[in-house]
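*Asks:* Provided herewith is a single structure, encoded as structure tokens, for subsequent inquiry.
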Amino acid sequence: MPLNLEQKKAVVAEVAEVAGKAYSAVAAEYRGMTVEQITNLRVAARKEGVFIRVVKNTLARRAVEGTEFACMQSGFKGPLILGFSMQDPGAVARVIKEFAKTNPKLVVTMVSIGGKVFPASELERLATMPTYEQAIAMLMGCMKAPVEKLARTMKEVPGKLVRTVAAIRDAKEAA
């Protein structure tokens, strides 16, 4: 059923609002998928804080205009489903990658992050990006390592002294 002008404006406004706040986006072709499969994808996406929407290409081009995802406009061809990460840049890539394992008809066509569009092969790189919590843990590990090394070094000085004195004692007892 075709959309009237007001419905089209509402779709464009909704997608534009989401695209304006999103960290990354993935476009995937869903040709041959059933409604049930797409519904399952939406459910999985909702759990991860990812916005998924099937949008006509002309409406999608208008929606991303003026956002950092405008670079994707030339790639909007065929039946596409758009996914936007709202909380974590890698979330949409993880959801699509995981879903595509069991549904080979979902074919990623492009990935966008930071105002640049990348080929579908970059989905893996985006999916392996650490979450906010993981990045903080990695940073804390890097910050903590020099302090731990200093503490071990400082602890080693008296330990070495004790071992040296013990070796001298053992040498005198043996003589």
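The values are calculated or read from the model by the stated rules, or taken from the named source; none is laboratory data. Remember, it's a predicted structure, so these values are computed and weren't measured experimentally. Counting neighbours? That spans all protein chains shown, and the Cβs are built from the backbone with ideal geometry, glycine included.
*Asks:* Is it true that GLU148 is surrounded by fewer than 10 Cβ atoms within 10 Å (Cβ to Cβ), of a type in the set (Asp, Glu), free of Cβ contacts under 8 Å to residues at least 60 places away in the same chain and over 19 Å from PHE69 (Cβ atoms)?
*Replies:* no
*Asks:* Would you mind telling me which numbered condition in (1) in contact with a strand residue (DSSP E or B) (Cβ under 6 Å, 6 or more places away or on another chain); (2) surrounded by 20 or more Cβ atoms within 10 Å (Cβ to Cβ) ARG53 fails?
*Replies:* Evaluating ARG53 over (1) in contact with a strand residue (DSSP E or B) (Cβ under 6 Å, 6 or more places away or on another chain); (2) surrounded by 20 or more Cβ atoms within 10 Å (Cβ to Cβ) leaves (2) as the failure.
*Asks:* Examine the stretch 25-32 for a residue that is out of contact with any Ser or Thr (no Cβ under 6 Å at 6 or more places or on another chain), over 22 Å from GLN134 (Cα atoms) and part of a helix (DSSP H, G or I), and state whether such a residue exists.
*Replies:* No, because not a single residue in the stretch 25-32 is out of contact with any Ser or Thr (no Cβ under 6 Å at 6 or more places or on another chain), over 22 Å from GLN134 (Cα atoms) and part of a helix (DSSP H, G or I).
*Asks:* Further question: Name the one entry in ARG61, ARG42, ARG46, ARG94 that is assigned to a helix (DSSP H, G or I) and closer than 16 Å to GLU122 by Cβ.
*Replies:* ARG94
*Asks:* Do we have GLY32 as assigned by TED's automatic domain parsing to the domain that holds VAL117 and in contact with a strand residue (DSSP E or B) (Cβ under 7 Å, 6 or more places away or on another chain) here?
*Replies:* no
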